[in-house]
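K.L.:
Take a look at the following structure, please.
The values are calculated or read from the model by the stated rules, or taken from the named source; none is laboratory data. Keep in mind the model is a prediction, meaning the values are calculated, not measured. As a convention, Cβ positions derive from the backbone with ideal geometry for all residues, glycine included, and neighbour counts pool all protein chains shown.
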Amino acid sequence: MFDPKDGRTVMLAFDHGYFQGPTTGLERVDQTILPLAPYADCLMLTRGIQRSVIPASTTKAIALRASGGTSMISPMEEWEGEIDGKKAKFGRPGFEPLSNESTALNIEEAIRLNASVLAVQVFIGSAYERQSLKNLTDLVDAASRYGIGVMGVTAVGRAMARTPQYFRLATRIMAELGANVVKCYYTDTEFDTVTSCCPVPIVIAGGKKLPEFDALKMCANAIAQGASGVDMGRNIFQSDAPVAMMQAVRGVVHEGLSAEQGFALYNDLKTKMA
C-alpha cells in the first residue's frame, strides 16, 4: 500500500456506505471511483463494492473494511433538566451508538479478496471502546498469520474531541496493540507530536469536504509533519473535478508539491478536462 520509492501512499477511501449508505458522490461507485482508481496507490473499500464494482484485474493494493454493524441512524436520547436551578437540555447517544461495531468478515474472506490490509474502526473513549479494541486485536492475530496488515482507524464520535492529546492517545494504543498502520485526523497544532509518538506509519483522513486549496494544504502540512500518506474520500470524489483533484493530491504526497503548486496543477488539469 506504500510506494516503495518514497514510503508514502495515496489511498482512495470510498467505504462510507458501510454505515452511511449512498453518501453524496457515491450513489454510483462505478461512475465515480473507477476513473480515479488509476491514480491511487491503495483502494479502501468494502467487500461488497470490491466484488460488484472493482474489476478483478486491478493491481491496486486493497484496504478492506473489516468492521461494521451499526448505522448513522443511531438515535440521540434527549431530555430536559436543570443546572443550578436553570432549565437545560441534555443529550447522549442512544442505546446502540455507532461505536458498537463487530468484525465484519473473517480472514479466509480477506485472503480470497487479496486484501493487503484490513481496516478496523477503533472508538477510544466511547461506550464500546473495549469491543472495538478487541476487534482490532482479533484481526491482528488472524491477519498476521497470513502476512496481511491491519490498519486501525481512529473514530471520532460526538463526545470525542479532535485534539492532539486525543490522537496521541488513540494512535499509540492501536500501535501498541498490533496495528501495522494507523489512520487519524490532522490537527492544526502539534500534529508532529502525534506522528512522533506513534511507532507505525500514520495516514491522515480527509474528513468532510473542504475547498480544494484547503484540502491540499492539509495534505502538505501533514506530510511535512511526519504523516506517511493520506486516505481521502469526500475531498476527492465530491470535488468539482475529481480526477484533477486526485492527481493534485498525488503531486503533493509523492512529488513534494506545495499546496500552492498542487492547487495550480488542479486548476490546470480542471481547465484541460472541461
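K.L.:
Could you list, in sequence order, all residues of region 140-176 that are farther than 16 Å from Asn100 by Cα, touching a helix residue (DSSP H, G or I) at 6+ places or on another chain (Cβ under 8 Å) and hydrophobic (A, V, I, L, M, F, W, C)? Let's see the steps before the verdict.
P.N.:
Step one: filter region 140-176 for residues farther than 16 Å from Asn100 by Cα, giving 140-151, 161-176.
If we keep only those that are touching a helix residue (DSSP H, G or I) at 6+ places or on another chain (Cβ under 8 Å) too, we end up with 142-143, 145-146, 148-150, 164, 167-168, 171-174.
Across region 140-176, the qualifying residues are Ala142, Ala143, Ile148, Val150, Phe167, Ile173, Met174.
K.L.:
For region 80-106: of the residues being under 21 Å from the mean Cα position of the chain (by Cα) and not polar (S, T, N, Q), which is farthest from Ile49 (Cα to Cα)?
P.N.:
My answer is Pro97.
K.L.:
Within region 219-247, which residues are under 13 Å from Phe14 (Cβ atoms) and of a type in the set (Val, Ile, Thr)? Spell out how you get there, then give the answer.
P.N.:
Our first condition is that a residue be under 13 Å from Phe14 (Cβ atoms); within region 219-247, this holds for 231-238, 242, 246.
Ile236, the sole residue that qualifies.
K.L.:
Right, another one. What strands (runs of 3 or more DSSP E) lie completely within region 128-234 and have 2 or more residues being out of contact with any Gly (no Cβ under 9 Å at 6 or more places or on another chain) and buried (at least 16 other Cβ atoms within 10 Å of the Cβ)? Show your work before the answer.
P.N.:
On the way: elements: 149-154, 181-184, 202-205, 229-232.
Qualifying strands (runs of 3 or more DSSP E): 149-154.
K.L.:
Return yes when Glu80 is acidic (Asp, Glu), farther than 22 Å from Pro242 by Cβ and in contact with a helix residue (DSSP H, G or I) (Cβ under 9 Å, 6 or more places away or on another chain) and no when it is not.
P.N.:
No, not satisfied.
K.L.:
Next question, about the same structure. Across region 98-130, which residue is modelled with the highest pLDDT among those that are farther than 30 Å from Ala56 by Cα and among the aliphatic types (A, V, I, L, M)?
P.N.:
First pass over region 98-130, keeping only residues farther than 30 Å from Ala56 by Cα: 98-100, 123-130.
Restricting the remaining residues to those that are among the aliphatic types (A, V, I, L, M) gives 98, 124, 127.
Numbers: Leu98: 80, Ile124: 92, Ala127: 83.
Across region 98-130, the extreme among qualifying residues is Ile124.
K.L.:
While we're here: From the list Glu109, Glu129, Glu101, which one is more than 25 Å from Leu169 (Cβ to Cβ) and not basic (Lys, Arg)? It would help to see each step written out before you state the result.
P.N.:
Values: Glu129 fails: more than 25 Å from Leu169 (Cβ to Cβ); Glu101 fails: more than 25 Å from Leu169 (Cβ to Cβ).
Only one candidate passes the filter, namely Glu109.
K.L.:
Is it the case, given these coordinates, that Arg65 is touching a Ser or Thr at 6+ places or on another chain (Cβ under 9 Å) and of a type outside the set (S, T, N, Q)?
P.N.:
Values: touching a Ser or Thr at 6+ places or on another chain (Cβ under 9 Å): yes; of a type outside the set (S, T, N, Q): yes.
Considered against the rule, which asks whether it is touching a Ser or Thr at 6+ places or on another chain (Cβ under 9 Å) and of a type outside the set (S, T, N, Q), Arg65 comes out as yes.
K.L.:
Need pairs with beta-carbon distance below 8 Å; first residue without any contact (Cβ under 8 Å) to a residue 40 or more places away in the chain and within region 198-220, second surrounded by fewer than 21 Cβ atoms within 10 Å (Cβ to Cβ) and of a type in the set (Gly, Ala, Ser); sequence gap 6+ or separate chains.
P.N.:
Every condition considered, the pairs that remain are Cys198/Ala175; Pro199/Ala175; Val200/Ala175; Ile202/Gly226.
K.L.:
So in region 155-189, with the set limited to residues that are modelled with pLDDT under 95 and β-branched (Val, Ile, Thr), which one is farthest from the chain's Cα centre (by Cα)?
P.N.:
Thr163
K.L.:
Shifting gears a bit: Return a yes/no flag: does region 127-136 have any residue that is among the acidic types (Asp, Glu), without any contact (Cβ under 8 Å) to a residue 40 or more places away in the chain and within 27 Å of Asp41 (Cα to Cα). Spell out the reasoning first.
P.N.:
Residues of region 127-136 that are among the acidic types (Asp, Glu), as a first pass: 129.
Now drop any that are not without any contact (Cβ under 8 Å) to a residue 40 or more places away in the chain, which leaves 129.
After this cut, where a residue has to be within 27 Å of Asp41 (Cα to Cα) as well, the list is none.
No, that holds for no residue.
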